[in-house]
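Colleague: I am attaching a structure below and will ask some questions about it afterwards.
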Amino acid sequence: MTSTQTTSTRPAESGGHVKLTMAQALNRALRESMAADDSVVVFGEDVGALGGVFRITDGLTAEFGDTRCFDTPLAESGIVGMAIGMAMNGMRPVVEMQFDAFAYPAFEQITSHVAKMRNRTRGKVSLPMVIRIPYAGGIGGVEHHCDSSEAYYAHTPGLHVVTPSNAADAHRLLRAAIASPDPVVFMEPKKLYWTKEEVDLGAELPGIGRAMIRREGTDATLIAYGPSVPVALEAAEVAAQEGRSLQVVDLRSIVPFDDETVCAAVRSTGRAVVVAEAPGFASVASEIVARVTERCFHSLAAPVRRAVGFDIPFPAPKLEHLQLPGVDRVLDAVDDLQWDLS
Amino acid sequence: MTRDLDLLLPSPHPVELIDPTGQTVAEATRDLPDDAALLRAFAGLTTARRINDQASALARQGRLAVYPSSHGQEACQVAAAQVLTDDDWLFPTYRDTAAVVLRGVDVAEAFLPLQGAWHSGYDPHEHKTAPQATPLATQLLHAVGVAHAARLRGEPTVALALCGDGATSEGDFHEALNFAAVFRAPVVFLVQNNQYAISVPLARQSVAPSLAHKGIGYGVPGERVDGNDVAALLAVLGAAMTRARAGEGPQLVEAHTYRMQPHTNADDSRRYRQDDEVAGWAQRDPLARLETWLRQHDLLDDAGLAAVTADADQLAARMRTELSRDATPEPAELFAHVYATPTPQLVEQAAVVADELSREDAR
């Protein structure tokens, strides 16, 4: 699963330390997976000649041919439904939903079939397929281009739901998702696509199902995933300047959920804030609060708080900064953790 | 690529080779299947009818939770099972249990869902038969995917996907036809138009000239066939399968038939249709007309009929025995097939059920 398996001829990308955006890291993961396994096929809307509206599939048709990476008619249920059949018949499809809210026409195929096929056939039919969904806000997108839809998928048993917060994880987790025997909804924070960073492609990173501590801290724990991880890290930096030491946990995988890492982190500080863009009601953030409270109650010095989106439809671009939790909302929640009682 | 409209249009009238009275149709547009194929179809019809009637009886006795009978429309399922090779895939609906059994699935496995024991009971890969679909038209896209994957690998597989008249109103029906056409996938879509979607008659589903005409918008050739004439079904479906196998793309076949019984044993069809309509369709029974034809052509006599009936009786007896057994899986299986490896949370939850059960046992 390391970069040594790639057949890429581009020397700058042959392994080791490279500077990559998340978009480039995802593209690399697709290329490596396709080179390593002929059954990996990539399809969706505009993924061929154009390389996808976010260029994640850039160059794949040229390199692997139009039977391995191809455009489909514009119909998301059709894309996912066809992927199910191909996965039933020996292929590993990786399909792209162009935007979060454009994936909803595929909702029935995802919830009634992708998620349930293994179970309804008593383990006889597995669906090794990946549904890539660019999601969440922060790019000034027009209506229907910015939903945080992760809770719909996380609520559905049978799906893995994974979301990277940086280029190295994007590479590692997408390769793991494609290799998984189970269907993975792979949610890509689109505001992080163009963030460039040094990536060690040879590094051994934890796989799907494991959270990671992004920053050590002793006073309180920020629990975040995907687009909210950089926000949590920035909040921790500001807090440090104010004399408060915040730990940051990056979930990486919403399903399976890493109770072990999350609970160990919260127990170590005794205080926690969950940071997420999605509307807070009945959300992944609610689930995290419930899990942490059930498991860590006697270690907690204050109720677990949330710094999340409001319960409103995603706003127009000029108002979205009011919806998305920023450093201030995170630190306000931290301030509410009953410090005067300790 | 534009296609000649004439090549897409269904024939002006449904293809019929043997009429409802059992006579060969004089100006038939297609050749009759050979004698062996028709004798096999007769055995299949007899078996399918027996499966329907035995299952309905078991449902009345409470040994099946429910049964959606296909009594009277068995010819479609018999022909569907018969035109498939071992390379091909069948995508059946909830009403196509007879086709599943004719495909080779054991009755104990085929009826497991109707016993309420699990959602699907057989290994789809072993029989190249997808789980029976309860949502409408979703399985048509899976058929396109299976066929497309096979075509990419150069395999001779054709997928035969079944649905009903109501399903043609669903979006997935249209997406499946379009995807199959664009990718030239070897799929044959068989719409069993039995005139009702539970209580809603065809006139409320569509005002298209016919359901077969719906292929035109996607560049998929359509054909109409008398769905109670198994000879015509074998001819039309067989040709469509051959065409798809040769790489000429998908085809849409609409079979005109009739659901003689309620939607399921829980339905009351007298609320939405008249007895005389049902009586009219009884005159078009697929089994009776083929028996008449076979006898007239000296292909079937009383002894032959007795042999076919004995086989069906044997299967019915096996249904009574097998479906009286408690096939409920172990509770631990609830958590075993959600993922390849259960998540830590599912391991915990399985332990909760085990604990609850152990306390029940202790009481």
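The values are calculated or read from the model by the stated rules, or taken from the named source; none is laboratory data. As the structure is a computational prediction, the values presented were derived from the model and not from experiment. Every residue, glycine among them, receives a Cβ derived from its backbone with ideal geometry; neighbour counts consider all protein chains shown. The area values use the complete protein model at the heavy-atom level, side chains included, leaving out ligands, DNA and RNA. Shrake-Rupley method; radii C 1.70, N 1.55, O 1.52, S 1.80 Å.
Colleague: When all C-alpha to C-alpha distances in the range A:3-200 are sorted into bins of 5 Å, what percent of pairs does each bin hold, rounded to whole numbers?
Modeller: With 5 Å bins starting at 0, P(r) equals 1, 8, 17, 22, 22, 16, 9, 4, 1, 0.
Colleague: Which of the residues in the range A:120-157 show a loss of at least 20 Å² in accessible area from their chain by itself to the complete set of protein chains, at a probe of 1.4 Å?
Modeller: SASA drop of 20 Å² or more in the range A:120-157: A:Arg120, A:Thr121, A:Arg122, A:Lys124, A:Val125.
Colleague: Now a separate question. Could you check how many percent of all C-alpha pairs in the range B:109-227 are farther apart than 26 Å?
Modeller: Result: 25 percent of Cα pairs exceed 26 Å.
Colleague: For chain B, what relative contact order do you get, as a whole percent, if you take Cα pairs closer than 8 Å and at least 6 residues apart?
Modeller: The normalised contact order for chain B reaches 24 percent.
Colleague: For A:Asp66, B:Asp53, give me the order by solvent-accessible area with a 1.4 Å probe, most accessible first, ignoring ligands, DNA and RNA.
Modeller: Ranking A:Asp66, B:Asp53 by accessible area, largest first, yields A:Asp66, B:Asp53.
Colleague: Taking a ≥ b ≥ c as the square roots of the Cα gyration tensor eigenvalues, with a/c under 1.5 meaning rounded and otherwise prolate when a/b beats b/c, else oblate, which class fits the range B:5-329?
Modeller: rounded
Colleague: Work out the charge dipole of chain B with +1 on the Cβ of Lys and Arg and -1 on the Cβ of Asp and Glu about the Cα centre, then indicate which of B:Ala41, B:Pro131, B:Ile51 is farthest towards its positive end.
Modeller: Of the listed residues, the answer is B:Pro131.
Colleague: Give me the dipole magnitude in Debye, nearest 20, for the range A:73-190 about the Cα centre, with unit charges on the beta carbon: positive for Lys and Arg, negative for Asp and Glu.
Modeller: 680
Colleague: List the DSSP H helices in chain B whose Cα atoms stretch 18 Å or more along the helix axis and whose mean Kyte-Doolittle hydropathy is at least 1.0.
Modeller: Passing helices, by number: B:230-245.
Colleague: I've got another one for you. Any idea how far apart B:Val207 and A:Asp340 come out in nm if each label point goes 7 Å out from Cα toward Cβ?
Modeller: 7.2
Colleague: Please report, in whole Å³, the volume per residue of the convex hull around the C-alpha atoms of chain A.
Modeller: Details: hull volume 44.4 nm³, N = 342.
Once divided by residue count, the hull of chain A is 130 Å³.
Colleague: Okay, helix-only estimate at 222 nm for chain A: each DSSP H run of n ≥ 4 adds -39500 (n - 2.57), divide by all residues, round to 500 deg cm²/dmol; what do you get?
Modeller: It lands at -9000 deg cm²/dmol.
Colleague: Can you tell me the dipole magnitude for chain B around its Cα centre, using point charges on the Cβ only (Lys, Arg +1; Asp, Glu -1), in Debye to the nearest 20?
Modeller: Computed about the Cα centre, the dipole is about 520 debye.
Colleague: Leaving ligands, DNA and RNA out of it, rank A:Trp194, B:Trp89, A:Trp339 by accessible area with a 1.4 Å probe, largest first.
Modeller: Largest to smallest exposure gives the sequence A:Trp194, A:Trp339, B:Trp89.
Colleague: I've got another one for you. Using the C-alpha atoms of the range A:212-341, what convex hull volume per residue, in cubic angstrom, is computed?
Modeller: Taking the convex hull of the Cα positions in the range A:212-341, it is 101 Å³ per residue.
Colleague: Something else: Restricting attention to the range A:160-243, which GluC sites (Glu not before Pro) occupy a DSSP loop and are surrounded by at most 11 other Cβ atoms within 10 Å?
Modeller: A:Glu204, A:Glu242
Colleague: While we're looking at this one, here's another question. How high is the relative contact order of the range A:212-341, in percent, with contacts defined as C-alpha pairs under 8 Å that are six or more residues apart?
Modeller: It comes to 27 percent, rounded to a whole number.
Colleague: Mean residue ellipticity at 222 nm from the helices of chain B, using -39,500 (n - 2.57) per DSSP H segment of n ≥ 4 over the full residue count, to the nearest 500 deg cm²/dmol?
Modeller: -13500 deg cm²/dmol
Colleague: Quick one: compute the contact order of the range B:225-363, relative version, from alpha carbon pairs under 8 angstrom and 6+ residues apart, as a percent.
Modeller: 16
Colleague: Using heavy-atom solvent-accessible surface (probe 1.4 Å) with all chains present, what is the largest-first order of A:Ile139, A:Ile110?
Modeller: A:Ile139, A:Ile110
Colleague: Something else now. Report the accessible surface area buried between chains A and B, summing both sides, using a 1.4 Å probe on protein heavy atoms only, in Å² rounded to the nearest 100.
Modeller: In total, chains A and B hide about 3500 Å² from solvent.
Colleague: Please report how many Lys pairs in chain A have alpha carbons closer than 27 angstrom, counting only residues at least 8 apart along the chain or sitting on separate chains.
Modeller: On the way: A:Lys19/A:Lys190; A:Lys19/A:Lys191; A:Lys19/A:Lys196; A:Lys116/A:Lys124; A:Lys190/A:Lys318; A:Lys191/A:Lys318; A:Lys196/A:Lys318.
Lysine pair count for chain A: 7.
Colleague: Share of the range B:48-196's accessible area from carbon and sulfur, percent, 1.4 Å? Could the numbers behind the result be given before it?
Modeller: Numbers: 1750 of 3830 Å².
Answer for the range B:48-196 is 46 percent, counting heavy atoms of protein chains only.
Colleague: Still on this structure, I have one more. Say the dipole of the protein assembly as shown comes from +1 at the beta carbon of Lys and Arg and -1 at that of Asp and Glu; which of A:Trp194, A:Met212, B:Gly145 then lies farthest toward its positive end?
Modeller: Of the options given, the answer is A:Met212.
Colleague: Kindly provide the pair-distance distribution of the range B:50-130 built from C-alpha pairs, with 10 Å bins from 0 and whole-percent values in order of increasing distance.
Modeller: Cα pair-distance distribution for the range B:50-130, in percent: 19, 54, 25, 2.
Colleague: To the nearest 20 Debye, how big is the dipole of the protein assembly as shown about its Cα centre, given +1 on the beta carbon of each Lys and Arg and -1 on that of each Asp and Glu?
Modeller: On the way: 61 positive and 92 negative charges, 80 e Å.
The dipole of the protein assembly as shown has a size of about 380 debye.
Colleague: May I ask which residue of A:Gly65, A:Ala25, A:Leu331 lies farthest towards the positive end of the charge dipole of chain A, with charges of +1 (Lys, Arg) and -1 (Asp, Glu) on Cβ and the Cα centre as origin?
Modeller: The one lying farthest along the dipole's positive direction is A:Gly65.
Colleague: Quick check of the Kirkwood formula: for the protein assembly as shown, what is the inverse mean of 1/r over all pairs of different Cα atoms, in Å?
Modeller: The answer is 27.8 Å.
Colleague: Taking GluC sites (Glu not before Pro) as candidate sites, keep only those in a DSSP loop with at most 15 other Cβ atoms within 10 Å, then name the longest stretch of chain B containing none of them.
Modeller: Looking at chain B, B:28-247 is the longest stretch - no exposed GluC sites (Glu not before Pro) with at most 15 other Cβ atoms within 10 Å.
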